[in-house]
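The values are calculated or read from the model by the stated rules, or taken from the named source; none is laboratory data. Remember, it's a predicted structure, so these values are computed and weren't measured experimentally. Here the Cβ positions follow ideal geometry from the backbone for every residue, glycine too, while neighbour counts run over all protein chains shown. To get the accessible areas, we keep the full protein, side chains included, count just its heavy atoms, and leave off ligands, DNA and RNA. Shrake-Rupley method; radii C 1.70, N 1.55, O 1.52, S 1.80 Å.
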There are 4 protein chains.
Amino acid sequence: MSETRARVLAALREQRIETASWAFGNSGTRFKVFAQEGVPRNPYEKIADAATVHRFTGVAPTVALHIPWDKVDDYADLAAYAKERGVALGAINANVFQDDDFKLGSVTHPSPAVRAKALAHLVECVDIMDATGSRDLKLWFSDGTNYPGQDNVRARQDRLASALSAVYDRLGDQQRMLLEYKLFEPAFYMTDVPDWGTAYAHCLSLGDRAQVVIDTGHHAPGTNIEFIVAFLLRAGKLGGFDFNSRFYADDDLMVGAADPFQLFRIMCEIVSADALAPAAGIAFMLDQCHNIEPKIQAVIRSVLNVQEATAKALLVDAAALDAAQRAGDVLEANEVLMDAYQTDVRPMLRELRADMGLDPDPVGAFKRSGYLESVTSARVGGSAAGWGA
Amino acid sequence: MSETRARVLAALREQRIETASWAFGNSGTRFKVFAQEGVPRNPYEKIADAATVHRFTGVAPTVALHIPWDKVDDYADLAAYAKERGVALGAINANVFQDDDFKLGSVTHPSPAVRAKALAHLVECVDIMDATGSRDLKLWFSDGTNYPGQDNVRARQDRLASALSAVYDRLGDQQRMLLEYKLFEPAFYMTDVPDWGTAYAHCLSLGDRAQVVIDTGHHAPGTNIEFIVAFLLRAGKLGGFDFNSRFYADDDLMVGAADPFQLFRIMCEIVSADALAPAAGIAFMLDQCHNIEPKIQAVIRSVLNVQEATAKALLVDAAALDAAQRAGDVLEANEVLMDAYQTDVRPMLRELRADMGLDPDPVGAFKRSGYLESVTSARVGGSAAGWGA
Amino acid sequence: MSETRARVLAALREQRIETASWAFGNSGTRFKVFAQEGVPRNPYEKIADAATVHRFTGVAPTVALHIPWDKVDDYADLAAYAKERGVALGAINANVFQDDDFKLGSVTHPSPAVRAKALAHLVECVDIMDATGSRDLKLWFSDGTNYPGQDNVRARQDRLASALSAVYDRLGDQQRMLLEYKLFEPAFYMTDVPDWGTAYAHCLSLGDRAQVVIDTGHHAPGTNIEFIVAFLLRAGKLGGFDFNSRFYADDDLMVGAADPFQLFRIMCEIVSADALAPAAGIAFMLDQCHNIEPKIQAVIRSVLNVQEATAKALLVDAAALDAAQRAGDVLEANEVLMDAYQTDVRPMLRELRADMGLDPDPVGAFKRSGYLESVTSARVGGSAAGWGA
Amino acid sequence: MSETRARVLAALREQRIETASWAFGNSGTRFKVFAQEGVPRNPYEKIADAATVHRFTGVAPTVALHIPWDKVDDYADLAAYAKERGVALGAINANVFQDDDFKLGSVTHPSPAVRAKALAHLVECVDIMDATGSRDLKLWFSDGTNYPGQDNVRARQDRLASALSAVYDRLGDQQRMLLEYKLFEPAFYMTDVPDWGTAYAHCLSLGDRAQVVIDTGHHAPGTNIEFIVAFLLRAGKLGGFDFNSRFYADDDLMVGAADPFQLFRIMCEIVSADALAPAAGIAFMLDQCHNIEPKIQAVIRSVLNVQEATAKALLVDAAALDAAQRAGDVLEANEVLMDAYQTDVRPMLRELRADMGLDPDPVGAFKRSGYLESVTSARVGGSAAGWGA
């Protein structure tokens, strides 16, 4: 047990979770965006918030950017600012869904001119990656149609393949393309990359540096996400996660909030494939909206939720599990898994934090730190960052 | 057959579909609102658009208002303006979801002060009904919670019951409360009125003038909506419909666009319960978003979709259906229904329109009318109406 | 904390979970029933298995019967046999879905003769209740239709209401009717009692002794079951549960196996309404299929899963939760709930069992007891009990 | 228009729909199989029924077999019998889900011995194909797990790949493997081939003669099936369909009964990819259960439903659709599609049948033929065919 514990603690110490700059800005539903106080007004302030999350959790050392929301004149300066605060810039997220031209699509739009504009943006994102030193380009397309007949499904796939290929060719040797899929919204009849199969097929055609990213909120009801994780790991095509959680659709709630057991099962597949360590190349990213709850605290909570699920996954007795599985002992195999899940890992994590020189209670420490009060009084005037606007 | 035809045509001539003022304004998803040209800038212009829909379809003589989006100083003037253009003001829709105070709820909010504010708005809506002569107050609550534990489910029901009761007491003898339900969005863990059962239970407690309104987009996957229609009709508790259509969640697409067969089955329950005529008191309302398609034309198309489904439902051979059902002849009973559904009713509807002095082709006539071009050039400056903003 | 612990342990000691006789017989899917060894061949042997579950768990003192599967000549003898083994007979479950006459329905069938036959069976079940001393008659109707038009939805509701009323009138003063609902299967277009709203409306019409039973596997995707629990508790109309769990449809897996967090949330509503104790009158019943796993062990595991979820629900700090909720502190309120959920209650439960004179490890003790081996060799010949056939 | 009509009629005349032998046998749900009169008792009688369907519809000239349900000593004799009655033997469907050994899986079972047994069955099916001259081997695996942890997801994929490869190698040059996927049932936590992506990935690894078959009932709620059709056609990996329809899960109702608009959209993708004609190599097969309705009549109705949807799809004005799509005219493009869908194609189909020397009304003609009465009196004694048992 002591050996297990040492192994688990070592793995947890090495774990890396990437936060998202946009999680700190205002967000909402189509019905209303409820503004919060102290929200950052520019990329620098977002990075300051992300650094705060890392300061209290110790496992969130990078922050993803969203272009054009996080465009700055000098990315080296932004990177230096981040470094100063203890974090680094992470994945670059393209945005081809908020320009008026993209009403009927971006790279799959029927008009060649609009497609060219979208492609130019994607290429610009790679330029920015060169400047920031980011490894990953994350692509999500809102492209799709709302009505049967609206556009030609196959023609749109051709256009998509063509754009992806152009972007792929532009990537540097150390850069990757992470292709995301989403069943619906904002398109309501069909999206051009609705499921992992579509993303996988395109990535396969593109080459080794194209991989699938799984947003845990982007599936049809009943989808077994950990199966997809296992399948893509086996195929060498899992690039990473956009973590969040959902009860209904793409609810974008805090990861682990809706179904902590599912999160645990996902992390079990990761652990069993030895894909947790940064060297395995899986990007563990948060992509969530904190519409009604305080944002920084919510991100801290989310990081902890991933960490707790990981700790439980690491505790699974792999040998006992394997033995029960081979013996066809259904109940025993399930029991081995559940034994790890039912374990309260919080004491161990508190100890880990103490070892790492952190406060054992990140949420409490953040609250006591006065950071939120401080930014709330400092960030007056200007306009709060949000989704695009 | 001639007798059937006469009966069907008479019923179709009497049919009434209510349009919604907000369908003519800009709308979108949380990701982006794509602005359209010629969009109305005030309630008067919305009514002008609604009147245009009625001018070409002949079956959409009323238009619902949304408060505060359609607040004006002088409702008598607005009503007179509508009358001049051939339409009348319809249901009043309350809005307790776009004020910053309502972040955690309106009538179910934990704070009594917020609840009081919400209630005051609802009462104001009844005041407006008095001014407009509207019969129906339509209530949809975005109230709910995003996280387990966030608030007390039962306490929120108590608060809801209390608010509904206060509003109900304020209604005049000829006024009704129509209570809407919605499974999710913008609340993602629980909504306070998630399903017809909840709405029904509250309406039952309130009294005869409280009835359930069915928004066709507000159900869990797999829900049989026509069952709910039939059940509520049997119980005398169906107040009306908010029509739209969905593939996934509350997509708010044009009614009949996603599943025309479902719309037909709904109208079959209406027809078989003899609830189509205005005297039956069922309000047939549209509640949709036209995010990417031209709005007025989309509303015309929606009215036609309801009309076509109704025509098919009226064609069902009720005696043959009843005989097959009683005989337990599964395939014959289904065949009787499908026979009506497979019928192309468009020729009959063109004839009906000609008889009513309308162009047989409402969409074509609207396009040829130059109305859209005219408002596009006239409605320059000011700010386009939209959801709330 | 010591006071909390005492309260929690006292509540857990009082908890009662009812097992189901049919869980011990063979079951399967439409594709195949995989037979297991040692399966009971008659009601007496089922009761012996149920008693074994109680012997090792201490909280499953009653067993539900299914008629006609568990018909015997002398119910007093059966009850005496149960008593001898430390358990009592529980709810009587009617079965109107396995007779050839019920192909198109039972109490809602178009034919009056078939309806009469179905009603006679229901009345016979009450006769049996008189003989067994059972309090609860559990009614689930497979009635419904497969094709649109197949039968008249409203007429079927009338027939249903009429049958329910006749059965209700037959009940003794101390007897209850528990009405179950199910979204689909075996009927695939419409079921006659598809949701809690329908069951609730009928129970309301019938009277105080008619209550709704929630089968946790019978809902549309995305349904918030704990909301229904809370609503029905508030309305005084929750009669009990048929526990099981599901990933997709009515999977009938072991309760707590698919979504343990959901089970916890359900038990939280029970605890917060003070409805856990037997005096509250809620029947906590298991209704599951053990198609591929050993049955007795699976039932023990299921009882433990309910017990563990209950223990966690009892640990929720109600005062802290209430304070956070009233303050609108979304994250704190959620945290209070999660704190209880994340607690490992297994040590406390082991201690409870030791106090009750039980083996702290029911599954291990059962395995070591040799019971399964013993019945496997004893129950040779005869035909194994199963679903009806 | 006359040219269009000629083109449409020619295409419809060439259309081929394959019936399934097992559709004529008894089937049911896990709750009950309701036996019907006149049901075939052996493969010869099933073929007689299938030939009857072809006799009245003219477009169902082949019938699929299910092994071992349709095992005979002399397949040449069976084929000759079919030919005599005007039909031919079609796809061979393997069955590795009804042997007691397959409780925990067949080709993915943890035990090598069970896997070998399953593989032997698959190879035997190819032997039978050699004897029957069948082109297609259809593989559906019930393999999967019911509980998290029960078995190793990745190991099962390895075993699956290995078995598929062995079978693929055994295929003759003119033979194909059609791999089916299914989200759930009878496995309830995970199936080993849950979605098209998994089937596609395996087929891609195997080679050109491995293709995906789409069972229209095997998807998660909200899945856009026509997208999958279009995607697989573009990738050259669509092998065929198992047609049926569903409201909830794998309901296996008559194709077109639940959502005729969806069936139309699927056929639109087929037509627009020029994949309707037999030369395109897509197998259009029925795979349904007729649990409560007369079987032969239900199969006729199903064939007609596919035919009607095809006729509508053929009527789509492709040039107008393309123009509207390129112009980004959302409503016009949708209107072009809907115009075809709303057309009543039954008169045209009646004419087609008359031209083909058939009764214009296949259902009526079948009823008048006395065939059902004749087999009902002839097929007395013996045991009715059903699902496996």
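Annotations
- Cα-projected label distance for D:Glu37 with D:Glu3, points at 7 Å along beta-carbon direction, nm: 5.5
- Each other copy places its own label point for B:Pro360 at 2.3, 8.4, 8.7 nm from this one, sorted shortest first, where the point lies 7 Å along the Cα-to-beta carbon line.
- Euclidean distance between Cα centres, region B:10-43 to region D:129-171, Å: 52
- With the helix formula -39500 (n - 2.57) applied to DSSP H stretches of n ≥ 4, chain B reaches a computed 222 nm mean residue ellipticity of -14500 deg cm²/dmol.
- Among A:60-69, A:110-119, A:143-152, sorting by the average number of other beta carbon atoms lying within 10 angstrom of each residue, highest first, gives A:143-152, A:60-69, A:110-119.
- Cα extents of region C:253-389 along the three principal axes, largest first (Å): 66, 36, 29
- Within the accessible area of chain C, the carbon and sulfur atoms contribute 50%, probe 1.4 Å, all protein chains present.
- Region B:316-352 versus region C:189-210: alpha-carbon centroid distance in Å: 30
- Put simply, when C:228-240, D:302-314 are sorted by average Cβ atoms within 10 angstrom per residue, most first, you get D:302-314, C:228-240.
- If the Kirkwood radius is taken over C-alpha pairs of chain C, then at 20 °C and 1.002 mPa s the Stokes-Einstein diffusion coefficient equals 99 µm²/s.
- Counts of other chain beta carbons within 10 angstrom of each beta carbon in peptide B:226-238 average 4.
- Excluding ligands, DNA and RNA, the accessible surface per residue across the protein assembly as shown is 31 Å² with a 1.4 Å probe.
- Convex hull volume of region D:115-237 per residue (C-alpha atoms, cubic angstrom): 109
- This model, with +1 at the C-beta of Lys and Arg and -1 at the C-beta of Asp and Glu, gives the protein assembly as shown a dipole about its Cα centre of some 0 debye.
- Chain D, closest residue to the rotation axis toward A, by beta-carbon, whole angstrom: D:Gly197, 1
- Local electrostatic count, D:Gln175, Cβ distance below 15 Å [Lys/Arg +1, Asp/Glu -1]: -2
- Applying a threshold of 32 Å to the alpha-carbon distances of D:Lys83/D:Lys237; C:Lys32/D:Lys295; C:Lys182/D:Lys71; B:Lys182/D:Lys103 flags C:Lys182/D:Lys71; B:Lys182/D:Lys103 as lying beyond it.
- Over the C-alpha trace of region B:1-61, radius of gyration and Dmax come out as 16.7, 52 angstrom.
- Relative contact order (%) - chain C, alpha-carbon pairs under 8 angstrom, separation at least six: 20
- Overall Cα dimensions of region B:83-163 - principal axes, largest extent first, Å: 53, 21, 20
- Other protein chain Cβ atoms within 10 Å, averaged over every residue that makes up D:97-103: 4
- Label spacing, shortest first and in nm, from D:Ala6 to its equivalents in the remaining copies (7 angstrom along Cα→Cβ): 4.5, 8.6, 9.7
- Size descriptors for region B:200-275: radius of gyration and Dmax over Cα atoms are 12.6, 36 Å.
- Summed buried accessible area for D+A [probe radius 1.4 Å, Å², rounded to 100]: 4100
- Partners of C:Lys312 within straight-line reach, counting aspartates and glutamates whose Cα lies under 13 Å from its Cα and excluding those fewer than 8 residues away in the same chain: A:Asp344, C:Glu269, C:Asp339, C:Asp344.
- Remark: mean inter-chain Cβ contacts per residue of C:30-37 equal 6, using a 10 Å Cβ-Cβ cutoff to other protein chain atoms.
- A label point on D:Asp73, set 7 Å along the Cα-to-Cβ line, lies at 4.8, 9.3, 10.0 nm from each of its counterparts in the other copies, closest listed first.
- Backbone geometry of region A:45-51 corresponds, through the Karplus equation with coefficients 6.51, -1.76 and 1.60 at θ = phi - 60°, to 3J(HN,Hα) couplings of 5, 4, 5, 4, 5, 4, 5 Hz, x marking Gly and Pro.
- Normalised convex hull volume, the protein assembly as shown, alpha-carbon set, Å³ per residue: 173
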